[in-house]
Amino acid sequence: MIIQQLDGISFRMREPFDFSFVHRWGRVFRVFDDQDSGNICFGTEQDGERFFLKFAGAPTARYEGKAADAVNRLKAALPVYRELRHPCLIELLEEAEIGSGYLAVFRWTDGVCMGKQYPESRAKFLTLPMAARERVFSDILDFHMQTAKRGYVAVDFYDGSILYDFEAEKTVLCDIDFYRKGPFVNEMGRLWGSSRFMSPEEFTLGAGIDEVTNVFLMGAVAFALFGGELDRSRGCWQLDGQRYSAALRAVSDDRTQRFQSLRDFAAAWEKQKHDGGGMERFS
């Protein structure tokens, strides 16, 4: 393991690597070097504009696989960002081949991340008032309903994919690299992702992965935002009983007991609003 620096910011690498190309997008103010995906990420600033750079192909500190595999995964992910463009999804600006590696350039967000791997950020995120958290969940659900309409299934979505910009009061979603056209068959056994948000079929070789799988995901996200996450008891739940029942049904291990579409889940989640004519968001 070695330590490199860019613009005074230190980060870890397995071996030295030439990152001079990063300066085309300005001065580095932050480096994300703790991923096991084979990517390393940089925050840069140029002429008052900030960018988020994701690069595959370097010998990063925690990645155990082949650099070429990380490059191919990043290349394959970028059409997904373009096709699933959404007001809450981080915006892909450009991409470029850099030597034997590959670079994706996104618009920077000052969003605070909910992910457990960032304790200080998570603590701030969880100070959000309940109404704001409800809006975050509504945005997440809306994005995934649009994802389903476009024929995609979410893979590897977890709390680290959820950010909130306090100044703009805006949900920002990121890291959808493994989303793919569905339904599909689980050919890995354990799919990519955080086990806290994964359904039983995402651990089962040969199982079908589809919109019902994503119903489980939305239930798990609801328990992370409003309950005890893996402690799904009523005593940890912070919203009303109707929404507790909807979330609990969504995370059933038995697929046949779950809602069979995200729209059905949304209707149950929003039932009180729907009764008053407030389902426009999900039409």
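The values are calculated or read from the model by the stated rules, or taken from the named source; none is laboratory data. Keep in mind that this is a model prediction, so the values were computed, not measured. Using ideal geometry, Cβ is built from the backbone for each residue, glycine included, and neighbour counts are taken over all protein chains shown. Keep in mind that these areas ignore ligands, DNA and RNA; they rest on the heavy atoms of the full protein, side chains included. Shrake-Rupley method; radii C 1.70, N 1.55, O 1.52, S 1.80 Å.
Of all residues in segment 87-107 being outside any strand (DSSP E or B) and out of contact with any Cys (no Cβ under 6 Å at 6 or more places or on another chain), which is nearest to Phe21 (Cα to Cα)? Before you say what the answer is, go through the steps one by one.
Step one: of segment 87-107, the residues outside any strand (DSSP E or B) are 87-88, 90-91, 99-100.
Adding the requirement that they be out of contact with any Cys (no Cβ under 6 Å at 6 or more places or on another chain) leaves 87-88, 91, 99-100.
Working: Pro87: 29, Cys88: 29, Glu91: 21, Gly99: 10, Ser100: 13 Å.
Filtering segment 87-107 for residues that are outside any strand (DSSP E or B) and out of contact with any Cys (no Cβ under 6 Å at 6 or more places or on another chain), the one nearest to Phe21 (Cα to Cα) comes out as Gly99.
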Scan segment 197-218 for residues that are open to solvent by 40 Å² or more (accessible area, probe 1.4 Å) and either without any contact (Cβ under 8 Å) to a residue 24 or more places away in the chain or under 19 Å from the mean Cα position of the chain (by Cα) (or both) and jot them down.
Phe203, Thr204, Leu205, Gly206, Glu211
In segment 30-70, which residues are in contact (Cβ under 8 Å) with a residue 40 or more places away in the chain, in a loop (DSSP other than H, G, I, E, B) and open to solvent by 40 Å² or more (accessible area, probe 1.4 Å)?
Asp34
In segment 71-86, how many residues are within 18 Å of the chain's Cα centre (by Cα) and either over 17 Å from Asp175 (Cβ atoms) or not in a loop (DSSP other than H, G, I, E, B) (or both)?
11
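Would you point out the residue of segment 71-82, among those that are charged (D, E, K, R) and either free of Cβ contacts under 8 Å to residues at least 40 places away in the same chain or surrounded by fewer than 14 Cβ atoms within 10 Å (Cβ to Cβ) (or both), that is nearest to Trp108 (Cα to Cα)? Step through it out loud before you land on a result.
At the first step, the residues of segment 71-82 found to be charged (D, E, K, R) are 73, 75, 82.
Now narrow it down to the ones that are either free of Cβ contacts under 8 Å to residues at least 40 places away in the same chain or surrounded by fewer than 14 Cβ atoms within 10 Å (Cβ to Cβ) (or both): 75, 82.
Numbers: Lys75: 20, Arg82: 16 Å.
In this case the residue turns out to be Arg82.
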Does Gly235 satisfy the criteria of being at pLDDT below 95 and either in a loop (DSSP other than H, G, I, E, B) or farther than 21 Å from Ser138 by Cα (or both)?
no
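Matching residues to (1) surrounded by 16 or more Cβ atoms within 10 Å (Cβ to Cβ); (2) modelled with pLDDT of 95 or more; (3) more than 21 Å from Trp108 (Cα to Cα):
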| residue | (1), (2), (3) |
| --- | --- |
| Met145 | yes, yes, yes |
| Ala148 | yes, yes, yes |
| Ile162 | yes, yes, no |
| Leu173 | yes, yes, no |
| Gly189 | no, yes, yes |
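For every residue, the table says whether it meets (1) touching a Cys at 6+ places or on another chain (Cβ under 8 Å); (2) modelled with pLDDT of 95 or more.
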{"position": "Met1", "(1), (2)": "no, no"}
{"position": "Ile9", "(1), (2)": "no, yes"}
{"position": "Arg14", "(1), (2)": "no, no"}
{"position": "Val31", "(1), (2)": "yes, yes"}
{"position": "Lys54", "(1), (2)": "yes, yes"}
{"position": "Leu78", "(1), (2)": "no, yes"}
{"position": "Arg82", "(1), (2)": "no, yes"}
Could you tell me which numbered condition Met13 fails, if it satisfies all but one of (1) open to solvent by 40 Å² or more (accessible area, probe 1.4 Å); (2) in contact (Cβ under 8 Å) with a residue 40 or more places away in the chain; (3) over 26 Å from Tyr152 (Cβ atoms)?
(1)
Is at least one residue of segment 255-276 modelled with pLDDT of 95 or more, touching a strand residue (DSSP E or B) at 6+ places or on another chain (Cβ under 9 Å), assigned to a helix (DSSP H, G or I) and under 27 Å from Arg150 (Cβ atoms)?
yes
Residues that are open to solvent by less than 40 Å² (accessible area, probe 1.4 Å) and closer than 19 Å to Ala246 by Cα, drawn from segment 92-143:
Arg133, Val136, Phe137, Ser138, Asp139, Ile140, Leu141, Asp142, Phe143
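Checking the conditions here, which among Arg85, Arg27 is out of contact with any Lys or Arg (no Cβ under 9 Å at 6 or more places or on another chain), open to solvent by 20 Å² or more (accessible area, probe 1.4 Å) and closer than 25 Å to Thr147 by Cβ? I'd like the intermediate steps shown before the answer.
Values: Arg27 fails: closer than 25 Å to Thr147 by Cβ.
Being out of contact with any Lys or Arg (no Cβ under 9 Å at 6 or more places or on another chain), open to solvent by 20 Å² or more (accessible area, probe 1.4 Å) and closer than 25 Å to Thr147 by Cβ holds for just one of Arg85, Arg27, which is Arg85.
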Working only within segment 60-98, note down all residues that are over 28 Å from Asp165 (Cα atoms) and in contact with a helix residue (DSSP H, G or I) (Cβ under 7 Å, 6 or more places away or on another chain).
Tyr63, Ile98
